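Student: Please see the structure below; I have some questions.
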Amino acid sequence: MNTLHLKYALEVARTRSISQAAANLFMAQPNLSKAIRELEEYVGIKIFERSSRGVVPTEQGLEFLGYAQRVLADIDKMKRLRDFTNIHQTNISIPRGSYISKAFADFIAGLDMSKEININLRETNSKETILNVSENDYNIGIIRYQIVNETYFLDYLKEKGLDYRPLWRFKCVVVMSREHRLAKKKKITYEELVSDSVEIVHGDNVIPYTTRTAPTPSENIKRRIYVYERGSQFELLSNVKNLYMWVSPVPDQTLESFGLVQKECDVPDNEFIDLVIFRKGYKMTELELNFLKHLERQRNIVESFFGKGE
């Protein structure tokens, strides 16, 4: 048994559903069921019963889950006892955004390299970032969503016991090769964009229970390439002239490096926000506050170069 088994059991108890808990934990339902069985065998009690109301804790299960909640809380407290004066350590979960990556690179470049360094950075979608911060030992995260989906995300943050602070509200832009047929136009229309171009999208940016996940009318898109990390997207955009992608405004240095341009394009619901998220009551370290300063600085640079996007 490890602490992950405890987290799994608590999520099943919270959702009253193996399938929903598995979806929230980004794991296959059979694997979650197996983990719960292993946990029950290890502790020697039946933690859950299946009923018409779903999966519900037994009487002994309720007692066990109370212990599990306290164990995880105590582990979190113990981690905070470590002396961080001689170590750069944090776990950060972020969306795929060029200004964020540039800020992180500048942040790392400014660290005292004589100290021990143990920094974990994960690029992923907003749903997983929320789970990373609420349940998987990540100290802070950045999530991105369309303003039309704000109610869903703020409710979900509240449900997970997370607090937040706004980082940037912006409109997405279209990035393409300098060789793209629309590259020299100051502003482009959506009809021009989709007439014979192929869109690149991140394949895991799916938001359950909402219908709009991109600034484009997705039902009209017939040509798409799905990628899961930024390296591939930039290589594709740089080398294939009829591709495009919707992104947050990009630093000029990144555009120059890959031979790209960014363009405004008016489409419905093209208002996004990036939020910094953290557990309620969490006090950020000097290291994490330093990272936020780099984020704000890079945001200001991109805003001044491209405009505020509002």
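What follows draws every value from the coordinates through simple rules; no lab data is involved. Every value quoted in this text rests on a predicted model; they were computed, and no experiment measured them. Don't worry about glycine lacking a Cβ; one is built from the backbone with ideal geometry, like all the others, and counts go over all protein chains shown.
Student: For the chain, what proportion of DSSP beta bridges, expressed in % and rounded to the nearest 5, is antiparallel?
Tutor: Looking only at bridges with both residues in the chain, the antiparallel portion is about 60 percent.
Student: Compute the helix-to-body angle for 3-15: its Cα long axis versus the longest principal axis of the chain, expressed 0 to 90° and rounded to tens.
Tutor: On a 0 to 90 degree scale, this one is about 80.
Student: Calculate one ³J(HN,Hα) per residue across region 188-197 by plugging θ = phi - 60° into the Karplus curve 6.51 cos²θ - 1.76 cosθ + 1.60, and present them in order as whole Hz with x for glycine and proline.
Tutor: After applying 6.51 cos²θ - 1.76 cosθ + 1.60, I find 10, 9, 5, 4, 4, 5, 8, 4, 8, 9 Hz.
Student: Still on this model: Just to check I understand the Karplus step: with θ = phi - 60° and J = 6.51 cos²θ - 1.76 cosθ + 1.60, what whole-Hz values come out for region 48-64, glycine and proline as x?
Tutor: Values, residue by residue: 10, 10, 8, 8, 5, 8, x, 9, 10, x, 6, 4, 5, x, 4, 5, 4 Hz.
Student: Using the alpha-carbon atoms, what tilt in degrees (0 to 90, nearest 10) does helix 98-109 show relative to the longest principal axis of the chain?
Tutor: For helix 98-109, the angle is close to 70 degrees.
Student: Also: Quick one: which residues, 5 or more positions from V198 or on another chain, have an amide H under 5 Å from its amide H? H modelled 1.01 Å from N in the peptide plane, none for Pro or chain starts.
Tutor: Residues meeting the amide H criterion: L243, Y244.
Student: Compute the semi-axes of the equivalent ellipsoid of the chain, taking the square root of 5 times each eigenvalue of the Cα gyration tensor, and list them largest first in whole Å.
Tutor: Taking √(5λ) for each eigenvalue gives 39, 25, 16 Å, largest first.
Student: Suppose R0 equals 30 Å; then what is the FRET efficiency for Y228 and E159 from their Cβ-Cβ distance, rounded to the nearest 0.05?
Tutor: The value I calculate is 0.65.
Student: Starting from the amide H of S17, placed 1.01 Å from N in the peptide plane, find each other amide H under 5 Å away whose residue is 5 or more places distant or on another chain.
Tutor: V55
Student: Jot down the per residue volume, in cubic angstrom and as a whole number, of the convex hull over the alpha-carbon atoms of region 3-79.
Tutor: 87 Å³
Student: Can you list residues whose amide H is under 5 Å from E123's amide H, if they're 5+ apart or on another chain and H is modeled 1.01 Å from N?
Tutor: I94
Student: In addition: Could you run the Karplus curve 6.51 cos²θ - 1.76 cosθ + 1.60 with θ = phi - 60° over region 231-241 and give me ³J(HN,Hα) per residue in whole Hz, x for Gly and Pro?
Tutor: 3J(HN,Hα) across region 231-241, in whole Hz: x, 5, 5, 5, 4, 5, 4, 6, 9, 10, 6.
Student: Between E256 and R53, how high is the FRET efficiency from 1/(1 + (r/R0)^6) when r is the Cβ-Cβ distance and R₀ = 51 Å? Nearest 0.05.
Tutor: Efficiency, from the Cβ-Cβ distance: 0.30.
Student: Still on this structure, I have one more. Pairs to check: K102/K171; K102/K186; K115/K283; K34/K115; K34/K160; K46/K283. Give those whose C-alpha atoms are more than 30 Å from each other in this structure.
Tutor: Correct reply: K34/K115; K46/K283.
Student: K263: which aspartates and glutamates have alpha carbons under 15 Å from its alpha carbon, excluding same-chain residues fewer than 8 sequence positions away?
Tutor: Hits, sequence-local ones excluded: E179, E191, E192, E199, D252, E303, E310.
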